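Notes follow once the structure below has been shown.
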Amino acid sequence: MITNELAVKFVEAYKDSDLLPANLDERLSFLALLTIELLAITERGIYQKFLTNLQASGDIKSIDVEKFDFTESEQLVAKQAITHSNDVKINEVLSRFDEIREALDLSELTRFESITLYEQTLKLLQEPKVFELIQSDAKGFDFQLRPDDFSRLIASIVKSNGKLKVYDAMASTGELSNFLAQLNPHWHFTTESLLQNPYYLVHKFVLAGNDDCVVSQSYSLNSTPFVKASTFDLAFALYEPTAVRKSASPKVKKSKEGGSLSGHYDPKRIDLNIISTQYNDHALIQHLIWSINETGIAIAFVGRGALQRIEEAKSRHYLVQNNYVDAVIQLPTSLISARTVDLFAVILRKNKQTDDIVFIDASTYFDRDIKRNKLVREDEIATILAERKNITDICQVVTNGQVEELSRVDEATNESNFSLNVASYISRSKQFVDPTLINELIDELSLIQENSNQLFNKLMKKI
């Protein structure tokens, strides 16, 4: 199913129905209708019945949403669809939806594809210039949505049929939680994000088949937390590596996603005395640990820097000293896009029964997709983690004491960097070279050659 082309058609339906791009209420009503339309395609039943009632009604405001067998979140979506619009515009939108259904066979559309389609449509509504750019060639456009690799890995590591309380501390546009909710619709999700309207996140949870969610438009590293301590069975966050964030004051630590770390922090949650003034990775890690219950698990996806930078040695010492680090998994490069640097999954627990850390090199566990690497064999990674056995070139179990000893940077003072970088403990007998790195090198060499040719030509003209 080519969701790109469908997204363009749905945006055309928006425009042809005289809905204003800048009117956020009309956009919300349209996206709520789109959510129900996609549910009617993938699930039919009560969703199609509701749409039929909308088209037959002469007064949509009089429709009693509660008479339908909707869940609480579905009721919210249905009310949004009819509250912020009128009969004429809704009928026009639904007519356009019917035309799209008649022109295209959508019978094979899956829930996963419906979430992707919703997100693509939303992006095009928010960025009209992009819509104009791709309208004539939607098939070849790359939307750069976050992939489901991280969600699949989390689901493999944390397998549970119970009603887990789950916390996504930096939900961004919500893909990780939405994909995870589709795999585990019985889990209760709480998300925090400053980058997305919370209603849009609710729409995507409903599409995923999950009605049990709390969505907050907030920043997880504020001094006053939105969530409470020791609440969750699972907490996670994808914290993509960024450039150094310099600060004028050691008391102010900037963040890419939400202001600065300023004000008073409970040291049991985030200890500012051991947090770098330039990076917030470990503030997030400490916050995740604080948020899980005694039997919970936290997973932080971070870059290599957080695992080895000298200025964060105190933060890593804190993690090792308190026996919080259960494992560190090196993931393949380019999981999000061709330019994504190495990411690592840091597995954290409060109730570890051992005083060791499992280091896993899964950097070769991928298939090359068109524009990125796709994580594979995530169940195998989870099995290696659970078995905690040394495997040549793949896995090394290291005690906390060995981490300190092997990371010493000054023998005279016994100072240790407490490195948690997988490469510090696993040296591969056969060095693997990522083909994406080769391609980047070729591009750079081609650019150098081109510049050299230009300089040579200029020189020859002067001779």
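The values are calculated or read from the model by the stated rules, or taken from the named source; none is laboratory data. Everything numeric in this text was worked out from a predicted model, so none of it was measured. Ideal geometry is used to build each Cβ from the backbone, glycine not excepted, and the neighbour counts take in all protein chains shown. Ligands, DNA and RNA are excluded from the accessible area calculation, which covers all protein heavy atoms including side chains. Shrake-Rupley method; radii C 1.70, N 1.55, O 1.52, S 1.80 Å.
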statement: Flagged as over-length at 24 Å C-alpha distance, from K89/K123; K79/K165; K204/K350; K163/K228; K163/K374, the pairs are K79/K165; K204/K350; K163/K374
message: Modelling each spin label as a point 7 Å along the Cα-to-Cβ direction, I'd like the Q402/T364 distance in nm, to one decimal.
response: 2.1
- request: Set the Förster radius R0 to 30 Å, insert the Cβ-Cβ distance between E108 and V88 as r into 1/(1 + (r/R0)^6), and round the FRET efficiency to 0.05.
  value: 0.35
field: S262-S452 pseudo-label distance in nm [points 7 Å out on the Cα-to-Cβ vector]
entry: 5.0
message: For Rg and Dmax of the Cα atoms in Å, one of (i) 25.0, 87; (ii) 26.5, 94; (iii) 22.8, 68 was computed from the structure I shared and the rest are decoys. Which label?
response: (i)
query: According to the square roots a ≥ b ≥ c of the eigenvalues of the Cα gyration tensor, what is the shape class of region 345-421, taking rounded for a/c under 1.5, prolate for a/b larger than b/c otherwise, and oblate for the remainder?
result: prolate
Per residue accessible area in Å² of region 310-354, where ligands, DNA and RNA are left out and the probe is 1.4 Å: 36
field: Cβ crowding within 10 Å averaged over residues, with 93-103, 181-191 ranked highest first
entry: 181-191, 93-103
Accessible area per residue in Å² at 1.4 Å probe, computed on region 1-153: 46
task: Please sort 124-131, 33-40 by packing, taking for each peptide the average over its residues of neighbouring beta carbons within 10 angstrom, highest first.
output: 33-40, 124-131
task: Order the following by accessible area, largest value first: D149, D16. Probe radius 1.4 Å; ligands, DNA and RNA are ignored.
output: D16, D149
query: Rounded to the nearest 0.05, what FRET efficiency do T224 and D410 have when you use their Cβ-Cβ distance and R0 = 45 Å?
result: 0.70
message: Which of the three applies to region 1-148, rounded, prolate or oblate, going by the alpha-carbon gyration tensor with a ≥ b ≥ c and a/c under 1.5 meaning rounded?
response: prolate
- line: With every protein chain in place, the accessible area of R349 for a 1.4 Å probe, in Å² rounded to the nearest 10, comes to 70
query: So how far, in whole Å, is the C-alpha centre of region 274-309 from the one of region 87-106?
result: 47
statement: So, over other residues within a Cβ distance under 10 Å of P147, counting Lys, Arg +1 and Asp, Glu -1, the net charge is 0
- request: Quick one: order K389, K371 from most to least accessible surface, probe 1.4 Å.
  value: K389, K371
- request: Can you tell me the FRET efficiency between I310 and R388 if r is taken as the Cβ-Cβ distance and R0 is 35 Å, rounded to the nearest 0.05?
  value: 0.75
task: Whole Å is fine, so just give me how far the alpha carbon centre of region 331-363 lies from that of region 1-55.
output: 39
message: Checking the a/c ratio against 1.5 first, then a/b against b/c, what shape does the Cα gyration tensor give for region 21-104?
response: rounded
